[in-house]
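Novice: Before anything else, here's the structure in question.
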Amino acid sequence: MDIKYAILGFLSWQPCTGYDLKKLVTSSPAFYWSGNNNQIYTTLVKLHKEGLVTDRMQPQERYPARRIYTVTEAGLAELRGWVLSEPELPQYRAMFLVQLAWADALSAGELDGLLAKYEEEIKLQLRMLRERERRGINLNPARNPREKYIWTMIDENHIGRYAYELEWVRRLRDGIKNVPQANGKKGE
C-alpha cells in the first residue's frame, strides 16, 4: 500500500497529527502496511513540500505542542485522481502457502501440528476482528450513510477472508488424512 494515499484519505476525513495517523493506519484491518513510524513522518514532510497538506502547531498545556496536518485542495485533487485510477487486483502473499508447498517432507504428525498451529492463529485473528466489530470499535469515517456502508463492506471483506482461510485450513486438515504419503501410508 502506498502510505501517501492512506494519509491523504485520513486527512480528508479529519485533521490529524502524525501519531494519530499512525494509530489510524495500524489499527485499521483494511490497510495492510508494514512500514515504520518514520515512513509516516517522512511522507508527511514530502506531502507538505508538494503542497498537498498544511500543518499548524497546536499548543498543549502539559505537553509539547502538537503538529496538526490538514489536507489541501491540491491534496484532495491528488486523492481523487488516485481513487479514479485503475484498481489494482488484490495481492495475496501468504508465506504460509510457501511453507505448506514444501510440507510433504514432514511426517503426518508434524504436518498436522503445523496446520493446527495455523488454524489456531487464524481463529484468534478472526475472534479479534469479530470482537472488534461486536464492540463497534472502528476508526472509520462515517460522514454519510454511503461512506459508512463502504467501510462496513471493507471490514466485512477483511473478516470474510479470515473466515474463508479458517474453513480452508479445516478442509485441508480433514482431507490430508485420506491422501497417501510417499511411503503409501495415509496421513493419519
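Novice: Please work out which residue is farthest from Q14 (Cα to Cα), limiting yourself to the stretch 50-80 and to residues that are assigned to a helix (DSSP H, G or I) and of a type in the set (D, E).
Specialist: Per the stated criteria, the residue is E78.
Novice: Only helices (runs of 4 or more DSSP H) wholly contained in the stretch 81-188 count here; list those with 2 or more residues that are within 30 Å of L52 (Cβ to Cβ).
Specialist: 145-176
Novice: Among the residues of the stretch 113-134 satisfying the criterion of being over 19 Å from the mean Cα position of the chain (by Cα) and free of Cβ contacts under 8 Å to residues at least 60 places away in the same chain, which is farthest from F31 (Cα to Cα)?
Specialist: G113
Novice: Which pairs have Cβ atoms under 7 Å, sit 6 or more apart or on different chains, and link a residue in the stretch 86-112 that is within 23 Å of Y162 (Cα to Cα) to one that is of a type in the set (G, A, S) and part of a loop (DSSP other than H, G, I, E, B)?
Specialist: Final answer for the pair search is L111/G187.
Novice: Between residues in the stretch 161-184 that are loosely packed, with under 11 Cβ neighbours inside 10 Å and residues that are assigned to a loop (DSSP other than H, G, I, E, B) and at pLDDT below 95, which pairs lie under 9 Å by C-beta distance while being six or more apart or on different chains?
Specialist: N178/G187; N178/E188; V179/G187; P180/G187
Novice: Could you tell me whether any residue of the stretch 82-95 is among the hydrophobic types (A, V, I, L, M, F, W, C) and surrounded by 15 or more Cβ atoms within 10 Å (Cβ to Cβ)?
Specialist: Checking the stretch 82-95: not a single residue is among the hydrophobic types (A, V, I, L, M, F, W, C) and surrounded by 15 or more Cβ atoms within 10 Å (Cβ to Cβ).
The values are calculated or read from the model by the stated rules, or taken from the named source; none is laboratory data. Since this is a predicted model, take the numbers as computed values, not measurements. Cβ sites come from the backbone with ideal geometry, for glycine too, and all protein chains shown count toward neighbours.
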